[in-house]
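**Student:** Provided herewith is a single structure, encoded as C-alpha cells, for subsequent inquiry.
None of the figures in this text is laboratory data; all of them are computed from the coordinates on show. What you are looking at is a predicted structure, and each value in this text was computed from that prediction instead of being measured. Cβ placement follows ideal geometry from the backbone for every residue including glycine, while neighbour counts extend to all protein chains displayed.
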Amino acid sequence: MIGLIDYGAGNIGNVGRALKRLGRESVVLDSPDDPCSGVLEALFLPGVGSFPSAMASLVSRGWSSFISEWVRMDRPLVGICLGMQILCEGSTEGGRSEGLGVFQGIVDKLSGTRKLPHVGWNILEWVVPFPGDMEPTPGLDCFYFVHSYGIPPARDTVATTTVDNACFTSVAKRGRTIGFQFHPERSGFRGLRLLSHTMEELGV
Amino acid sequence: MLTRRIIPCLDVKDGRVVKGIRFRELRDAGDPATMAAEYMSEGADELVFLDIGASLGSRSTMLEWVSSVADMLFIPFTVGGGIVDESQARRIISLGADKVSLNTAAVRDPDLIRRCSSLLGSQAVVLAVDALRTGRGHWEVMVRAGTEPAGIDLLSWVRKACSLGCGEILLTSIDSDGTLEGYDTECIEAVAASVPVPVIASGGAGRNEHFLEAFRSGADAALAASVFHFGTVRICELKAELSSRGIPMRIEAGGAMNGL
C-alpha cells in the first residue's frame, strides 16, 4: 500500500489514478495518525501551491516529523512538484522558510525565463543514470511541468531541465527519497513508465 | 527547451462528446473518457473540454464525465463552459481536471479570476477570450459563445486578466473560427506581446501549415477541434512535420504502452 499525503495543497487524486493504472494500490492520508500509516510500503508527497503555506500545513498536521523519521529510516519517499521542493533545505518563496532538509539546496524563483510560470512539456538531461529509465527514445523525452520556483542543481541532482536561461533540478535523489519537479502522473505514457521505474528503483 | 503544445478541443453536451460545425448539426461522437484516451495515444499534449450545454454551472450532477476522463487521461486537461463561481471551479478541479477555463462570467465579474486563482493557483485558471476584429490591430471581446459584444478591448482585457491572476490565455478568433483558413496570426502576435503568460491560439486551423504560422506568431500552444475530429489533420503526423520545420515538439516513443 502506498500512502498519498493529503495536506490540503492541491489535488492528489491524479497521483492515485496513475498508480492504479500501474496496478499499485494507494490510500489518501489526512494525518499520520491514520491507521493505514502503519502498513505503508512507500509515501508520496504531492503538492501544488505556495511553499510557506504547504510547510505550515505539514507541520500543523504532524506530517513534518513523520516524514523526517520516515527518511531517517531510509524508507521509500517520492516528492512531486511542491512536494519535492518541501524536501529541500528551504525556500525563498514568500520570504525565507525552512524545508524538511532531505535534498541539498534552497528553492528560489526561476530567473532568466521569458514567461512564468514554466508551463508545458520540457526535456530532462540526466546527470546521473537512473536505472531502468535510460533507454533511448526516438523523440524528445518530455515531461509536464507547472511551476515558478525551482531548485538550483546541487549534490542530489539526478536530472536537470532548462527553460530559456534558467537551469534547475528536475529529478533529485537522496537515499530512497526521489523528487520530481514535473508531474509524472500528467506526463502521458512516458510519465507512467518513469513512475513504474521509480517504484522498482525504490524496491516497492 | 519548452516544447509547443498541440491541444484538441472536445465539445461536451449532456455528458457526451458532440461534433458539429459551428455549434450546428451536432452529432453524438462518443464517450469523453474513451475519446480522451484516443487523443492521448495519438500524441495530444493536453485536452480542452468545453461543456456547450453549459451544464457545468446549472447541473452539477452532469459532471461525472470529468472524473471518468481523469481516470483514463494522464496528460493535463482543462474544463470550461458556464463556470460562474469559484465553488464550481473547485469542484471541477477536485474531480480531476487540471485547469478550468473562464469566459463570459469573468467578463461580467473580473474578480472571479482573482478568486479562482487564489483558491486553486494561477496554473489552474485559463482565461478563454473570444475576439472579433474591429479594425487593423484592434479586436473586441465577445461573450455568450462569441455572439454578443462585451464592449471592451481585447488587449486591455487580457492584460487585466493576467493582473488578476489567470495563468494562461485561450485566444479564439471569432473571425477565423470555423473557416479552416488559418489562425488570426496578427491577433496572436498582439496578445502574446501583451501578456506574461502562455497563449493558446484557437480558431481557423485547417491544415498543418496553419499550426506552423500560429507558433511562428508567438503561440505557446495551438488548439483545434474539427480538423482532429474529422481526421483531416493527424496529430502524430502534424507533430512530426512541425518538429522537422524547427518547432520543438514532444514526440512520444512508439510502443509506449508496453507494460502499462
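**Student:** For B:Ala150, list long-range residues whose amide hydrogen, built 1.01 Å from N in the peptide plane, is under 5 Å from its own amide hydrogen.
**Tutor:** Under 5 Å from the amide H of B:Ala150: B:Val141, B:Met142, B:Val143.
**Student:** Let me ask something else. Give the longest segment of chain B that steers clear of chymotrypsin sites (Phe, Trp or Tyr not before Pro) in DSSP loops with at most 15 neighbouring Cβ atoms within 10 Å, not counting the sites themselves.
**Tutor:** B:24-229
**Student:** Using the Cα centre of segment B:143-193 as the reference point, and only Cβ charges (+1 on K/R, -1 on D/E), how large is the resulting charge dipole? Debye, rounded to the nearest 20. List each step's numbers first, then the result.
**Tutor:** Numbers: 3 positive and 9 negative charges, 70 e Å.
Approximately 340 debye in magnitude.
**Student:** Moving on. When DSSP assigns beta bridges and you keep just the ones with both residues in chain A, what percent turn out antiparallel, to the nearest 5? Don't skip to the answer; put the middle values down first.
**Tutor:** Details: 22 of 39 bridges.
DSSP beta bridges in chain A are roughly 55 percent antiparallel.
**Student:** Turning to a different aspect of this structure: Taking H placed 1.01 Å from N in the peptide plane, check which residues at least 5 places from B:Gly30 or on another chain put their amide H under 5 Å from its amide H.
**Tutor:** Excluding prolines and chain starts, which carry no amide H, the hits are B:Val17.
**Student:** Something else now. Can you give me the Cα centroid spacing of segment B:102-154 and segment A:35-66 in angstrom?
**Tutor:** When both Cα centres are located, 37 Å separates them.
**Student:** To continue, here is another question. Work out the FRET efficiency for B:Glu64 and A:Arg155 from their Cβ-Cβ distance, taking R0 = 60 Å, and round it to the nearest 0.05. Walk me through the numbers on the way to the answer.
**Tutor:** Working: r = 47 Å, r/R0 = 0.78.
The value I calculate is 0.80.
**Student:** Scale the Cα Rg of segment A:2-202 by the rule-of-thumb value 2.2 N^0.38 Å and send over the ratio, two decimals. If you can, show how the numbers build up before the last one.
**Tutor:** On the way: Rg = 15.6 Å, N = 201, 2.2 N^0.38 = 16.5 Å.
Compared with the compact-globule rule of thumb, segment A:2-202 sits at 0.95.
**Student:** Which is farthest toward the positive dipole end of chain A among A:Gly62, A:Pro52, A:Gly150, measuring Cα position about the Cα centre, with Cβ charges +1 (Lys, Arg) and -1 (Asp, Glu)?
**Tutor:** The Cα lying farthest towards the positive end belongs to A:Gly150.
**Student:** Another question, if that's okay. Using R₀ = 41 Å, calculate the FRET efficiency as 1/(1 + (r/R₀)^6) where r is the Cβ-Cβ separation of A:Lys20 and B:Ser156; round to 0.05. All intermediate terms of the calculation are to be shown ahead of the outcome.
**Tutor:** Working: r = 46 Å, r/R0 = 1.11.
The calculated FRET efficiency here is 0.35.
**Student:** Where does the Debye-calculated log10 I(q)/I(0) of the protein assembly as shown sit at q = 0.07 Å⁻¹, using only Cα point scatterers of equal weight, no solvent?
**Tutor:** With one equal scatterer per Cα and no solvent, log10 I(q)/I(0) is -0.33.
**Student:** Now for a different question. What residues have an amide H closer than 5 Å to that of A:Val28, excluding those fewer than 5 places away on the same chain, when H is modeled at 1.01 Å from N in the peptide plane?
**Tutor:** The list, which skips near neighbours in sequence, is A:Leu4.
**Student:** Follow-up question, since we're still on this one. Ignoring everything except DSSP H segments at least 4 long, calculate the 222 nm mean residue ellipticity for chain B; use -39,500 (n - 2.57) per segment, divide by total residues, nearest 500. All intermediate terms of the calculation are to be shown ahead of the outcome.
**Tutor:** On the way: 11 runs with 91 residues, N = 260.
Rounded to the nearest 500, it is -9500 deg cm²/dmol.
**Student:** Now, a different point. Using only alpha carbon pairs under 8 Å that are at least six residues apart, calculate the relative contact order of chain B and give it in whole percent. Don't skip to the answer; put the middle values down first.
**Tutor:** Working: 550 pairs, mean separation 43.0, N = 260.
Over chain B, the number comes to 17 percent.
**Student:** Would you work out the charge dipole size for the protein assembly as shown about its Cα centre, treating the Cβ of every Lys and Arg as +1 and the Cβ of every Asp and Glu as -1, and quote it to the nearest 20 debye?
**Tutor:** Numbers: 44 positive and 55 negative charges, 54 e Å.
Taking the Cα centre of the protein assembly as shown as origin, the dipole is about 260 debye.
**Student:** List the lysines whose alpha-carbon lies under 25 Å from that of A:Lys20, not counting same-chain residues fewer than 8 positions away?
**Tutor:** Of all the lysines, those that pass the test against A:Lys20 - Cα under 25 Å, at least 8 places apart if same chain - are A:Lys173, B:Lys99.
**Student:** In segment B:100-130, which trypsin sites (Lys or Arg not before Pro) fall in coil by DSSP and have 15 or fewer other Cβ atoms within 10 Å? All intermediate terms of the calculation are to be shown ahead of the outcome.
**Tutor:** On the way: sites: B:Arg108, B:Arg114, B:Arg115; in loops: none.
Of the trypsin sites (Lys or Arg not before Pro), not one in the loops of segment B:100-130 has a Cβ with at most 15 other Cβ atoms within 10 Å.
**Student:** Plugging the Kirkwood radius over Cα pairs into Stokes-Einstein for segment B:5-244, at a temperature of 20 °C and a viscosity of 1.002 mPa s, what D comes out in µm²/s? Could the numbers behind the result be given before it?
**Tutor:** Working: Rh = 17.6 Å.
For these conditions, the coefficient is 122 µm²/s.
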